[in-house]
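Enquirer: After the structure tokens below, expect a handful of questions from me.
The values are calculated or read from the model by the stated rules, or taken from the named source; none is laboratory data. Values in this document were obtained by computation on a predicted structure and should not be read as measured data. Virtual Cβ from ideal backbone geometry, glycine too; neighbours counted across all protein chains shown. Surface areas here come from the heavy atoms of the whole protein model, side chains and all, with no ligands, DNA or RNA. Shrake-Rupley method; radii C 1.70, N 1.55, O 1.52, S 1.80 Å.
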Amino acid sequence: MFRLQSVTDTMGKRGPYSLLAVLLSLSMTGCSMGVNVDNMLAPPKLGSEQEQIYQALKDSAGSAISLKYPKSGSFLSAFIVQDIDGDELDEAIVFYEKTGVANAGTGLRINVLDSIDGVWKSVCDRSAEGSEIEKVVISRLGENDRTNLILGCSSANQSEKFVSVYSYEDGYLDLTFRKNYALFDVGKTGPSENPDLVLLAPASTVEQQASAAVYQLDAQGKYHEYLCPFKDSYTDYSQLIYGAQPDGSVTLYVDAATGTATGAAGLQTEILSFDGSQLVNCLEKLGRSAKDTVRRAGLYSRDIDADGTPEIPVQRVFTGYEERAEAEQLLRTDWLMMKRDQLYAEYSSYYSAGNGYVFMLPDAWHGKVTVINDAFSGELQLCRYSGDWNAELPVMLRIYISEDEADTNEHLAAGFHLVHTKGTAEYLVKGEDVEDLGISVAQLVMCFKFVS
């Protein structure tokens with residue numbers, strides 16, 4: 001889910017400082033978020049082919065219709081033109097609802113059109129579950145070669161979501177699978193060339209426990225369910241991402257929304273592994289619990305070091321702040337890694353979610369530095385800490401974010417280095433040599449990760 005993020009080339013504007021930005025781009029990650037089309041001011045203008053398809057739809061369904069747009073995923077248009085029956089010719093899929101009819105009760109509909117002698121014609125029209133489209137995926141599943149239309153829909157008030165899987169053949173769109181869900185994805189869970197359907201279900205009733213499930217489709221068209229119930233009663237999930245273990249097995253990281261001990265909104269992560277025959281809760285297998293990963297909302301699991309395995313961010317009180325009042329405490333973010341039979345903190349860092357950066361603490365700094373938000377200078381300072389706030393606190397690193405070119409130039413002249421640019425914000429750092437805990441500029445660059 002992560003992609004390399006480009007860095008603005010500052011050659012000519014900043015001179016030698018641009019090299020740092022280029023070096024830093026090798027370690028940066030970002031995430032791509034879905035577009036909520038409900039917030040668009042107007043539907044996008046249709047292309048010429050879409051206009052032809054739309055006219056064919058109106059010829060079949062009437063002119064009192066309204067196009068429906070998916071809210072997230074790879075397909076964000078009401079029109080999808082793709083081969084879904086394997087005949088090497090594209091079909092057109094259009095999502096719409098009928099309008100202007102009192103109490104019509106028709107809801108969301110799917111229309112499939114074929115191009116016959118160069119003219120688009122409707123060949124199939126059927127109702128779909130719900131009234132809003134959450135996500136559309138077109139994919140093969142499991143060991144089956146057919147192409148599936150996978151549709152996640154919700155009711156108008158978002159109280160229910162259903163994922164439906166359709167197959168299309170000979171002008172008929174057949175519903176082959178239907179389940180309620182809180183989050184679903186189509187992803188690689190094992191060695192098969194095709195992905196599987198992964199579904200996270202909410203705890204909504206006494207009969208339904210929160211759970212994760214992998215659904216594999218065999219060559220004969222039968223779905224095989226591999227279910228893993230959760231002990232906690234999750235009603236929503238924030239994210240599902242994938243990782244790999246040294247033995248080649250696939251791990252699923254589920255960031256689940258939960259209340260913390262104080263009742264505040266938070267996250268915790270379930271780690272699952274699928275070996276093709278069962279879906280296993282890895283933390284329970286280790287004698288651990290998802291509660292070991294509890295943190296505030298917004299701290300999502302991510303592959304922070306781009307090694308193919310996600311890390312889980314959890315927060316601890318930064319060195320020196322243990323005896324401070326909670327309102328005065330600053331927090332360190334540890335990144336938990338699961339490998340084989342262990343869950344451990346692979347990295348410690350200062351994570352500024354608001355400013356979109358992570359500074360990974362060098363090993364030599366662990367337990368020996370603390371952080372200070374200096375209101376006078378506007379800097380985040382990492383300082384050497386000996387256990388006494390009244391003693392001298394030599395500054396190891398200064399981090400400053402500038403929104404003004406003159407301000408940036410002033411800091412560059414004072415020895416700061418430009419390491420990243422995002423919009424109008426320019427990220428500047430200055431390292432200080434303090435005995436054996438000093439760090440070079442090149443090392444500083446590699447300690448920064450920039451995230452969205």
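Enquirer: Just want to confirm a number: the relative contact order over region 218-287, from Cα pairs under 8 angstrom separated by 6+ residues, in percent.
Expert: Values: 102 pairs, mean separation 16.9, N = 70.
Here the relative contact order equals 24 percent.
Enquirer: Sorted by packing (mean other beta-carbon atoms within 10 Å per residue), highest first, where do 313-320, 85-92 land? Provide the component values of the computation, followed by the final result.
Expert: Details: 313-320: 18.8, 85-92: 15.1.
Order by mean packing, descending: 313-320, 85-92.
Enquirer: Next question, about the same structure. Calculate the spin-label point distance for Ala414 paired with His366, positioning each point 7 Å from the Cα along the beta-carbon direction, and give it in nanometres.
Expert: 3.3
Enquirer: Separation between the Lys58 and Ser74 pseudo-spin-labels, each 7 Å from Cα along Cα→Cβ, expressed in nm?
Expert: 3.1
Enquirer: Please work out how much length the chain gains when fully extended from Gln220 to Asp247, using 0.36 nm per residue of separation minus the C-alpha to C-alpha distance, in nm with one decimal.
Expert: Details: separation 27, 0.36 × 27 = 9.72 nm, distance 3.00 nm.
Extra length from Gln220 to Asp247 when fully extended: 6.7 nm.
Enquirer: Still on this model: If a/c stays under 1.5 just call it rounded; otherwise compare a/b with b/c (prolate if a/b is bigger, oblate if not). Do that for region 271-313, with a ≥ b ≥ c from the square roots of the Cα gyration tensor eigenvalues. Before the final figure, lay out each step's value.
Expert: Details: a/c = 2.51, a/b = 1.31, b/c = 1.91.
Since a/c reaches 1.5 but b/c is at least a/b, the shape of region 271-313 is classed as oblate.
Enquirer: Label Lys98 and Ser66 with points 7 Å out from Cα along Cα→Cβ: what is the distance between them in nm?
Expert: A separation of 1.5 nm, rounded to one decimal place.
Enquirer: Here's another thing I want to ask about it. Tell me, what is the per residue accessible area of region 259-333 in Å², probe radius 1.4 Å? All intermediate terms of the calculation are to be shown ahead of the outcome.
Expert: Numbers: 3470 Å² over 75 residues.
Solvent-accessible surface per residue comes out at 46 Å².
Enquirer: How big, on average over all directions, is the shadow cast by the Cα convex hull of region 103-185, in nm²?
Expert: Details: hull surface 27.0 nm².
Averaged projected hull area, Cα only: 6.8 nm².
Enquirer: Run the numbers on region 315-452 and let me know its relative contact order in percent, using alpha-carbon pairs under 8 Å that are six or more apart. Don't skip to the end; give the middle numbers.
Expert: Values: 222 pairs, mean separation 24.7, N = 138.
Across region 315-452, relative contact order equals 18 percent.
Enquirer: Counting only C-alpha contacts under 8 Å and six or more residues apart, can you give the relative contact order of the chain as a whole percent? Could you put the intermediate results ahead of the total?
Expert: Details: 958 pairs, mean separation 43.8, N = 452.
The value is 10 percent.
Enquirer: Tally up the carbon and sulfur contribution to the accessible surface of the chain as a whole percent, 1.4 Å probe, everything protein left in place. Kindly include the intermediate steps, with their values, before the conclusion.
Expert: On the way: 10360 of 21710 Å².
Answer for the chain: carbon and sulfur cover 48 percent of the accessible area.
Enquirer: Oh, and also: Of all GluC sites (Glu not before Pro) in region 158-210, which ones are in loop regions per DSSP and have a Cβ with at most 12 other Cβ atoms within 10 Å?
Expert: Answer in residue order: Glu193, Glu207.
Enquirer: Could you work out how much longer the chain between Leu286 and Gln342 gets when fully extended? Use 0.36 nm per residue separation minus the Cα distance between them, nm to one decimal. Could the numbers behind the result be given before it?
Expert: Numbers: separation 56, 0.36 × 56 = 20.16 nm, distance 0.72 nm.
Extra length available between Leu286 and Gln342 comes to 19.4 nm.
Enquirer: Here's a follow-up. How much length, in nm to one decimal, is gained on full extension between Asn180 and Asp388, taken as 0.36 nm per residue of separation minus their Cα-Cα distance? Write out the running numbers ahead of the final one.
Expert: Details: separation 208, 0.36 × 208 = 74.88 nm, distance 5.59 nm.
Gain in length upon complete extension: 69.3 nm.
Enquirer: Classify region 292-337 as rounded, prolate or oblate, taking a ≥ b ≥ c as the square roots of the eigenvalues of its Cα gyration tensor: rounded when a/c is under 1.5, otherwise prolate if a/b is larger than b/c and oblate if not. Walk me through the numbers on the way to the answer.
Expert: Working: a/c = 3.23, a/b = 2.32, b/c = 1.39.
Verdict is prolate for region 292-337.
Enquirer: Kindly state, to the nearest 0.05, the FRET efficiency for Ala156 paired with Lys231, given R0 = 41 Å and r defined as their beta-carbon distance. Walk me through the intermediate numbers first.
Expert: Numbers: r = 32 Å, r/R0 = 0.79.
Result of the calculation: an efficiency of 0.80.
Enquirer: If you don't mind, another one. How many angstrom separate the Cα center of region 294-322 from the Cα center of region 181-255?
Expert: Cα centroid of region 294-322 versus Cα centroid of region 181-255: 23 Å apart.
Enquirer: DSSP loop (so not H, G, I, E, B), at most 15 other Cβ within 10 Å: list which GluC sites (Glu not before Pro) in region 348-452 pass both filters. List each step's numbers first, then the result.
Expert: Details: sites: Glu379, Glu392, Glu403, Glu405, Glu410, Glu426, Glu432, Glu435; in loops: Glu392, Glu403, Glu432.
Taking region 348-452 and a limit of 15 other Cβ atoms within 10 Å, the loop GluC sites (Glu not before Pro) found are Glu392, Glu403.
Enquirer: Take the alpha carbon gyration tensor of region 316-405, find the square roots of its eigenvalues, order them as a ≥ b ≥ c, and report rounded if a/c is under 1.5; if not, report prolate when a/b exceeds b/c, else oblate. Write out the running numbers ahead of the final one.
Expert: On the way: a/c = 1.88, a/b = 1.31, b/c = 1.43.
The shape class here is oblate.
Enquirer: Rg (Å, one decimal) plus Dmax (Å, integer) for the alpha carbons of region 266-343?
Expert: Calculated on Cα positions, Rg and Dmax stand at 14.8, 50 Å.
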